[in-house]
Amino acid sequence: MRILITGVTGQVGHALCRYDWPEDAEIVAASRHDLDLAETESIASYISAGRFDAVINPAAYTAVDRAETDLVAAWRVNALAPAAMAAATWKVGIPLICVSTDYVFDGTKAGAYNEDAPISPSGVYGASKAAGELAVRTGNPRHVILRTSWVFSAHGANFVKTMLRLAEERPRLRVVDDQRGCPTSARDIAAVLAKITLRLIADPQAPTGTYHFSNAEPTTWCDFAKEIFRQTEPFGYPVPDVEAIATTEYPTPARRPANSVLETTKIERDFAVVPRPWREALAEVLSDLAHGVTEESEVTR
C-alpha cells in the first residue's frame, strides 16, 4: 500500500505520520515544499504520478480569525485543493479521505449535531471547509469526510499548549464558558483516519460519506482549562485561577459556534469506532509534554 498524507506539519497530519501503520504501508508525507495546496494545478499531476492507493487530506487553512480578511487563501486550501484532489483521485480510481470541522455548523442547535444536520457556517473558515466538503462529495464518490472538533496534541499550536503557556505568565485566566464541544486528541483522530483508509483500500464496498468523530463527553472551554490544570498540577506546572466569562467578553473577528457537540453514532456503527473520554486522551498528551516528548515525525520505512 502506498498512502499520501498532506498537511504533515499540522496536528493531525503529524499524528498520522507517527501512527503505527502496517509494515506493508508506504507512507508518503507531503510537506508544503513537496505539494503546495495553494497551487491546485500541481495536485493532479502529483497524485497521478504517485501511484497511490489512497489519499488522506488533513491539511487546512485553520487560522479562523485571519481567514476573515484572508479569504482567498483560505478558500484555495480549504475548498479548491480538496476539489482538485477529488477530481484527481477519482480519475485514478482511489479513495479520498478528508478532515473537516464543526465550524460548518452555526452552533445554534440544541443537542448534538448528526451528519445530516443542515450546515450553516457563520464565517470564512467554516464556509471554505463546507465548500471543500461539497467538492469532495461531487468529485469522488469513494470518499470519507471526517468532521471533528477542538483538536489538541503535544505538537503544534492548540488550546492545551496555550493554556500552559499563559499559566506561566499570569496568575488568573479568563476563559469562555458558554461554548460547548468535545476536545479531541489528534492521535485519536489519526487512528480513526488510518482505520478508515485501510478498510477503503481493502474493501471496495466499504462505507463512504460523511462521519463525525470526537472524543466523548461534552464540556466548555472553561472546564477544559480547569481540567488541564488539575491534571498538570502533579507535574509541578503553575495552577492559575480560572474565571468563567461569556463569549461577549472575549470578542473575536470570527464568531465561534456556541455548540460544537458532534454525534458519533454513525462512525461507531459503520467502522466500530468507540470514542474514549477526552480527559483520558488529555492525560496522555499532558504526560508527553511533562516528560519532554518532542513528537518528532518518524515517517520513513
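The values are calculated or read from the model by the stated rules, or taken from the named source; none is laboratory data. Being a predicted model, the structure only gives us computed values, none of them experimental. Counting neighbours? That spans all protein chains shown, and the Cβs are built from the backbone with ideal geometry, glycine included.
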Among GLU233, GLU249, GLU217, the single one that is within 21 Å of VAL175 (Cα to Cα), surrounded by fewer than 16 Cβ atoms within 10 Å (Cβ to Cβ) and under 21 Å from the mean Cα position of the chain (by Cα) is GLU217
Does segment 84-130 hold any residues that are part of a helix (DSSP H, G or I), surrounded by 24 or more Cβ atoms within 10 Å (Cβ to Cβ) and either among the aliphatic types (A, V, I, L, M) or under 19 Å from the mean Cα position of the chain (by Cα) (or both), and which are they? MET85, ALA86, ASP102, TYR103, VAL104, VAL124, TYR125, GLY126, SER128, LYS129
Regarding VAL136, is this residue β-branched (Val, Ile, Thr), surrounded by 20 or more Cβ atoms within 10 Å (Cβ to Cβ), touching a residue at least 40 places away in the same chain (Cβ under 8 Å) and in a helix (DSSP H, G or I)? yes
PHE235 fails exactly one of the following numbered conditions: (1) modelled with pLDDT of 95 or more; (2) over 26 Å from GLY126 (Cβ atoms). What is the number of that condition? (1)
Taking ASP203 as meeting all but one of (1) without any contact (Cβ under 8 Å) to a residue 40 or more places away in the chain; (2) surrounded by 21 or more Cβ atoms within 10 Å (Cβ to Cβ), write down the number of the exception. (2)
Taking segment 36-54 and keeping residues assigned to a loop (DSSP other than H, G, I, E, B) and either acidic (Asp, Glu) or touching an Asp or Glu at 6+ places or on another chain (Cβ under 8 Å) (or both) leaves ASP36, GLU39, ASP53
Criterion: surrounded by 19 or more Cβ atoms within 10 Å (Cβ to Cβ), out of contact with any strand residue (DSSP E or B) (no Cβ under 7 Å at 6 or more places or on another chain) and in contact (Cβ under 8 Å) with a residue 60 or more places away in the chain - qualifying residue of LEU198, LEU286: LEU286
From the list ALA30, ALA44, ALA49, exactly one residue is farther than 29 Å from ALA216 by Cα, modelled with pLDDT under 95, within 19 Å of the chain's Cα centre (by Cα) and not β-branched (Val, Ile, Thr). Which is it? ALA30
Please identify the pairs in which a residue from segment 86-97 that is farther than 11 Å from HIS143 by Cα has its Cβ atom under 8 Å from the Cβ atom of a residue that is aliphatic (A, V, I, L, M), counting only partners at least 6 apart or on another chain. ALA87/ALA44; ALA88/ILE43; ALA88/ALA44; ALA88/ILE47; LYS91/ALA44; VAL92/ILE47
Residues of segment 40-53 that turn out to be in contact with a helix residue (DSSP H, G or I) (Cβ under 7 Å, 6 or more places away or on another chain) and surrounded by fewer than 22 Cβ atoms within 10 Å (Cβ to Cβ), as a count: 4
List the number of the failed condition for LEU193; all other conditions in (1) part of a strand (DSSP E or B); (2) of a type in the set (A, V, I, L, M, F, W, C); (3) under 22 Å from LYS129 (Cβ atoms) hold. (1)
Can you tell me which residue in segment 141-180 is nearest to CYS98 (Cα to Cα), limited to those that are surrounded by fewer than 21 Cβ atoms within 10 Å (Cβ to Cβ) and basic (Lys, Arg)? ARG142
For VAL72, work out the one condition from (1) without any contact (Cβ under 8 Å) to a residue 24 or more places away in the chain; (2) farther than 21 Å from ALA131 by Cα it doesn't fulfil. (2)
Within segment 260-280, can one find any residue that is among the hydrophobic types (A, V, I, L, M, F, W, C) and more than 25 Å from the chain's Cα centre (by Cα)? no
Can you confirm whether GLU284 is under 24 Å from the mean Cα position of the chain (by Cα), charged (D, E, K, R) and modelled with pLDDT of 95 or more? yes
Filter result for the condition that a residue is in contact with a strand residue (DSSP E or B) (Cβ under 6 Å, 6 or more places away or on another chain) and acidic (Asp, Glu), over GLU233, GLU217: GLU217
